[in-house]
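Visitor: Sending over a structure as structure tokens; questions will come in a sec.
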Amino acid sequence: MQGPLHGGGKPWRRREGGGGGGGGRPPHGGSPPPPGRRMPPSDSTGAEASYLFKNKEGRTPMVLRLLDGEEVRGVIEYYDRDMIKINRTDGPNVFIRKRHIRYMYEEPSRF
């Protein structure tokens, strides 16, 4: 599977299976990757999970822009590593895979 281009014009490829890495971390007792080689960001920061949790618990109205340009508006009811469930007022509730989301933001208040 190829991803966006990184330094040097070479596409980044995700390793399938073992391979000694741990989501971008060097193997236990190993050295970091050589200079100039970028590793994909790890899921270890927890920033995405805390952002989703904050908006879920606060019942914050959100807008999700999908890769095809469609906008989905609603409140986050559930999320996991791969998908988000959105409760919508103008249509049925939907599960959306995270890989289909371009970006998301809090819906601006209308006063």
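The values are calculated or read from the model by the stated rules, or taken from the named source; none is laboratory data. Nothing here was measured: the structure is a model prediction, and the numbers come from that model. Backbone-built Cβ (ideal geometry, glycine too); neighbour counts: all protein chains shown.
Visitor: Is segment 40-58 home to any residue that is in a strand (DSSP E or B), under 17 Å from the mean Cα position of the chain (by Cα) and modelled with pLDDT of 90 or more?
Guide: no
Visitor: Looking at (1) at pLDDT below 95; (2) surrounded by 11 or more Cβ atoms within 10 Å (Cβ to Cβ), find the lone condition where Gly17 falls short.
Guide: (2)
Visitor: Can you pull out the residues in segment 82-109 that are in contact (Cβ under 8 Å) with a residue 12 or more places away in the chain, among the charged types (D, E, K, R) and out of contact with any Gly (no Cβ under 6 Å at 6 or more places or on another chain)? Spell out how you get there, then give the answer.
Guide: Of all residues in segment 82-109, those in contact (Cβ under 8 Å) with a residue 12 or more places away in the chain come to 82-84, 86-90, 93-107.
Then keep just the ones that are among the charged types (D, E, K, R); that gives 82, 88, 90, 97-99, 102, 106-107.
Across segment 82-109, the qualifying residues are Asp82, Asp90, Arg97, Lys98, Arg99, Arg102, Glu106, Glu107.
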